[in-house]
Amino acid sequence: MRYVAFTSLLLLVAELACGPKPGAKAVLPDVPFDELDHNQRLQLMKQVVMPTMAPLFQEHDRERYAKFGCRTCHGASVDRDEYHMPNDKLPKLNFSDMSKFKPEDIEFMKSKVVPTMARILKQPEHSAENPQGFGCLECHTRAAPTARAE
Ligand code: HEC
Ligand code: HEC
């Protein structure tokens, strides 16, 4: 018994001394998304974005988002390991005429998707006072270049 405890203590000491092993989960620094390096961005997407956003989307529409994944937001370019945003394959938004969309979808995006992603990415939310903040156009593109600003 004592021997086992001692061995695990040794293992713990060895682990601390060697630092995180490759493959071990490094702790993400508490900084805005833009300050993370590429691997940290990937790690945040896998460890935080997916487990938070999948249930959120599925709660909104279980069938439509049954296969929620990186691809839902980033599109087919994930196959090439590319994750550019905004994604012009998402429905294009024309803020002066949103009548072709369902109000409940727009409301879901506004009240759930934007605030939750902004919080995860540690970015301020888009608003009239803060047009640079995280908003719809971080993911979607505009329908027409003539469309008025939000
Ligand atoms: C809910 C939508 C959403 C999902 C799901 C999602 N992402 Fe993202 N991802 C984003 C947004 C938005 C950004 C851009 C954030 C920014 O630049 O402020 C981003 C950025 C990234 C970036 C950084 C790109 C760059 O140019 O630096 C990588 C890498 C990435 N995502 C990988 C992934 C992977 C891998 C998955 C699946 C495990 C995933 N994402 C799932 C929304 C999503
Ligand atoms: C984090 C990324 C992200 C942000 C931010 C975001 N959306 Fe979305 N939006 C998506 C994804 C992903 C879908 C689902 C696309 C699909 O079903 O394939 C979607 C779907 C929609 C739909 C449904 C479209 C349809 O075909 O019925 C509407 C409408 C919409 N978004 C509007 C908005 C508006 C308005 C905002 C800002 C208030 C916004 N979105 C912010 C990622 C985002």
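The values are calculated or read from the model by the stated rules, or taken from the named source; none is laboratory data. Since the structure is predicted, the reported quantities are computational estimates derived from the model, not experimental observations. Here the Cβ is made from the backbone with ideal geometry for all residues, glycine too, and neighbour counts use every protein chain on show.
Taken over the range 117-134, the residue count meeting the criterion of being crowded, with 16+ Cβ neighbours inside 10 Å and farther than 24 Å from LEU28 by Cα is 1. Restricting attention to the range 87-120, the residues that are more than 8 Å from ligand 2 (Cβ to nearest atom) and in contact with a Leu (Cβ under 8 Å, 6 or more places away or on another chain) total 3.
The residues of the range 23-34 that are assigned to a helix (DSSP H, G or I) and surrounded by 10 or more Cβ atoms within 10 Å (Cβ to Cβ) amount to a single one, PHE33. Being away from ligand 2 (no atom under 12 Å from the Cβ) and in contact with a Lys or Arg (Cβ under 7 Å, 6 or more places away or on another chain) holds for only one residue in PRO32, PRO55, PRO51, PRO131, and it is PRO32.
Is there a residue being modelled with pLDDT of 95 or more, near ligand 1 (Cβ under 10 Å from one of its atoms), under 15 Å from the mean Cα position of the chain (by Cα) and not in a helix (DSSP H, G or I) anywhere in the range 130-137? Within the range 130-137, one or more residues are modelled with pLDDT of 95 or more, near ligand 1 (Cβ under 10 Å from one of its atoms), under 15 Å from the mean Cα position of the chain (by Cα) and not in a helix (DSSP H, G or I). Here HIS84 meets each of (1) away from ligand 2 (no atom under 12 Å from the Cβ); (2) surrounded by fewer than 16 Cβ atoms within 10 Å (Cβ to Cβ); (3) farther than 16 Å from HIS140 by Cα; (4) of a type outside the set (S, T, N, Q) with one exception, condition (3).
At least 3 residues being farther than 26 Å from LEU36 by Cα and free of Cβ contacts under 8 Å to residues at least 40 places away in the same chain is the threshold, and among the helices (runs of 4 or more DSSP H) wholly inside the range 50-129 those reaching it are 103-108. The set of residues from the range 46-67 being surrounded by 17 or more Cβ atoms within 10 Å (Cβ to Cβ) and closer than 16 Å to THR116 by Cα comprises VAL49, MET53, PHE57.
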